[in-house]
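Enquirer: Sharing a structure with you now.
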Amino acid sequence: MVMKKKTISAPRPRRAAAAAATVAPGSADAASLFDPVERSPAYTKVSSAIEHKILSRALRDGDVLPAELELAQQFRVHRSTVREALRQLESAGLVSRPPGAKRLVVSRPQASKVASGMRHALVLHEVSFVDVWEAMMVIEPEVAALAAMRRTQADLTALQMTSEAFRDSPVGDPEAVNIVGTFFEQLGAAARNQVLVLAKQSLAQVLAPSLAQMIDTVPQARARITDAQRRIIAAVRDKNADEARKWMSKHVRDFKRGYEVAGISPDTPISV
């Protein structure tokens, strides 16, 4: 009897291997296109959930948040997780604790906090003085014009007092720069436009360090600033928007000339 040889079949390739074999040469391997998904910490999810309620106005300015323990029960997380989430929201200015209060309340981020964050972003992006100056040339004249149309007597009084404080400040006084910044802030308040207030405040902050160098380096700087403030106040008092716009444009242009006289290059990156 002749024995037939048993044919042994080669093992079938696995589906994954077969799929891999179909990838065309030179194409990216699907397994290497994406990194593993990282799980977000629980506190960021809690923070995002509360933030969403605030931004959707389900929670409004002044609303009292539930106590930490109650929030922990609602979210089904540890109390420490809630505490970290609230700390993050408080840092962002979305919640705050009034003096003497035990619980946090929903709040609006203060303009100074928003401006501070914007200032850091501008510095880290290596924005130059001329970039800031160009932005001021667009924003500040229109702010002055709006202030002239919308100002109250209280606004006018505040501007006058600030201008006098700058005029009377001694040479070398480090507070002089802050007084100049206050003048711009008060014009923004008189303009009654919160978007412009938030946009311009960060510009004044990033301009302050180099402005401090210029004020007492350029002999005529103080006199020109004082004169510009006086003329802007007069235009605002008379509710003359065109005149206020014109003098603010001159005022901001003077800043650039002052920097050039002081030997500060327009391309110098701003600093904190």
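Enquirer: Please state, to two decimals, what the Cα-based radius of gyration of segment 180-256 comes to when divided by 2.2 N^0.38 Å (N = residues).
Expert: Details: Rg = 12.7 Å, N = 77, 2.2 N^0.38 = 11.5 Å.
Here the answer is 1.11, to two decimals.
Enquirer: I need 48, 91 ordered by Cβ neighbour count within 10 Å, fewest first.
Expert: Numbers: 48 14, 91 11.
With the fewest neighbours first, 48, 91 line up as 91, 48.
Enquirer: Can you tell me the length gained on complete extension of the stretch residue 138 to residue 249, counting 0.36 nm per residue apart and subtracting the Cα distance? Write down the numbers at each step before the final one.
Expert: On the way: separation 111, 0.36 × 111 = 39.96 nm, distance 0.88 nm.
Here the answer is 39.1 nm.
Enquirer: For the pair residue 198/residue 168, report the inter-label distance in nm, with labels modelled 7 Å from Cα in the Cβ direction.
Expert: About 3.6 nm, to one decimal.
Enquirer: Would you list 251, 120 from fewest to most Cβ contacts within 10 Å? Mind showing how you got there, number by number?
Expert: Numbers: 251 22, 120 14.
Lowest count first: 120, 251.
Enquirer: Could you state the orientation-averaged shadow area of the convex hull built on the Cα atoms of segment 112-261, in nm² to one decimal? Walk me through the numbers before you get to the answer.
Expert: Details: hull surface 31.7 nm².
Projected area, direction-averaged: 7.9 nm².
Enquirer: When 169, 80, 96 are ordered from fewest to most other Cβ atoms inside 10 Å of their Cβ, what list results? Show your work: numbers first, answer last.
Expert: Values: 169 18, 80 12, 96 15.
The most exposed by this proxy come first: 80, 96, 169.
Enquirer: Report Rg (one decimal) and Dmax (nearest whole number) for segment 42-106, counting Cα atoms only, units Å.
Expert: 10.8, 29
Enquirer: What GluC sites (Glu not before Pro) in segment 97-152 are in a loop by DSSP, with at most 11 other Cβ atoms within 10 Å of the Cβ? Walk me through the numbers on the way to the answer.
Expert: Values: sites: 126, 134, 142; in loops: 126.
Answer by residue number: 126.
Coordinate-derived values only; no laboratory data. Quantities reported herein were computed from a predicted structural model and do not represent experimental measurements. Cβ atoms come from the backbone with ideal geometry, glycine included; neighbour counts cover every protein chain shown.
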